[in-house]
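See structure below.
The values are calculated or read from the model by the stated rules, or taken from the named source; none is laboratory data. This structure is a prediction, so every number in the text was calculated from the model and none was measured. Every residue, glycine as well, gets a Cβ built from its backbone with ideal geometry; the counts of neighbours run over all protein chains shown. Side chains are part of the model used for accessible areas, which takes the heavy atoms of the whole protein and leaves out ligands, DNA and RNA. Shrake-Rupley method; radii C 1.70, N 1.55, O 1.52, S 1.80 Å.
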Amino acid sequence: MTSLADVKVVDTATLFAGPTAAMMLGDFGADVIKIEHPRRGDPSRGHGAAVDGVGLWWKTLSRNKRTAAVDLSAPEGQRILRRLVADSDVLVENFRPGTLERWNLAPEELRELNPRLIVARMTGFGQFGPMAGQPGFGTLAEAMSGFAASTGEPEGPPVLPPLAMADGIAGLAMAYAIMVALRARESTGRGQVIDMAIIEPILGILGPQMTAYRALGLIPRRTGNRSSSNAPRNTYRTRDGRWVAISTSAQPIAERVMRLVGRPEFTEEPWFATGHGRVQHVEELDEAVGSWIAARDADEVIAAFTEAQAAIAPIYDVSDIAKDPQYEALGTFVELPDEELGSVTMQNVLFRLSDTPGEVRWPGPPLGRHTDEILTALDYPRDEIDLLRERGIIA
């Protein structure tokens, strides 16, 4: 049994944020129909590494989805979408504000067809406001949220993440929003419209920066790998050239670390009692920890921290992740058969439910793989499907 087996989702979004939300619903059994342009496909097919022209990011992002290639800018394609959403629970879209309305697919019109429909709208800047009509991507959210301004070395430039971080955060938030809307529908019997701007969810994980600014005028500054909330917290190089990271967010952990590195006298200082106080003495603490770690090999350091029940982790690249026993024990990765690549490995579902677990059932399929299957289920006759294909409306 899967949690969302009775939920039908139409995913018309492109790239990362909206499709990530739909992917997470599919992981727990939702029937997700991915709509792509019949000639261009989703741009995510061309992002990142590829094997023989087959994009690997796509394989993960569109797993557990059936894909139909439909031109939604054409009236015939719009009719297909209306027929799809008439019997669906969720529509995920990320067109610029006004696009669905121009195509006669406005949420209010779709919800007249299906009052239970939830329309999940993902845009860079939201459906209204002075920037609503501008192109919006995760990079811009990472810039406007304060993330880039507070990331990097103190004297260096702002740093953007080397991944679609804001999109991923927004995708997780949208999946949550959809679940809240589905739960509300159980009481009201009605769907609703979700308006999510990619610039907003990332703000939520950056901590109470606006709260602190309004109350104290504080503006986060770049601190490199250090934390503005507690110390010691940094990356440290071991004698054999490897790197480890430690955190002392909890007071008992901080005390254990200082005893371990031979500086128990720090724990008796009044300033040591709070993370904020320790940050004021970060140079002393970092020197104590860093010099102790630098005199030992990584395996010895990790073993000593583990025995002392202090928080430490080696800094991994993906080759280390591939052989880590903790990830193996959790079943974090799964290998699946794939009709284009033979097999493909990807991350498993993000969490484990004891009674209704999720499952990666298949990787992202080729463009238009399920078009005929989906249109046939909508009672399109064979000759009409062939005509739509001849005219380039579907693929």
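Observations on the structure shown:
- Using the 1.4 Å probe convention, the accessible area of the chain works out to 50 Å² per residue with neighbouring protein chains retained.
- For the range 38-124, dividing the convex hull volume of the Cα atoms by the residue count gives 110 Å³ per residue.
- Sequence-separation-based contact order of the range 189-331, relative, with Cα cut under 8 Å and 6+ spacing, percent: 25 percent
- At most 16 other Cβ within 10 Å, DSSP loop - trypsin sites (Lys or Arg not before Pro), the range 4-50: 39, 40
- Proximal lysines relative to residue 59, as straight alpha-carbon distance under 20 Å, when same-chain residues fewer than 8 apart are discounted: 34
- By the Kirkwood approach, averaging reciprocal distances over each pair of separate Cα atoms, the range 210-304 gets a hydrodynamic radius of 14.1 Å.
- Computed from Cα atoms alone, the Kirkwood hydrodynamic radius reported for the range 334-395 is 14.5 Å.
- Comparing 141, 175, 184 in a Gaussian network model of the chain (Cα springs below 10 Å), the most mobile by mean-square fluctuation is 184.
- When Rg and Dmax are taken over the Cα atoms of the range 154-254, they come to 19.4, 63 Å.
- For the chain: relative contact order, % (alpha-carbon pairs under 8 angstrom, 6 or more apart): 20 percent
- Of 211, 310, 353, farthest towards positive along the dipole that unit charges on Lys, Arg, Asp, Glu beta carbons give the chain: 211
- Surface share of carbon and sulfur [accessible, 1.4 angstrom probe, percent] for the chain: 54 percent
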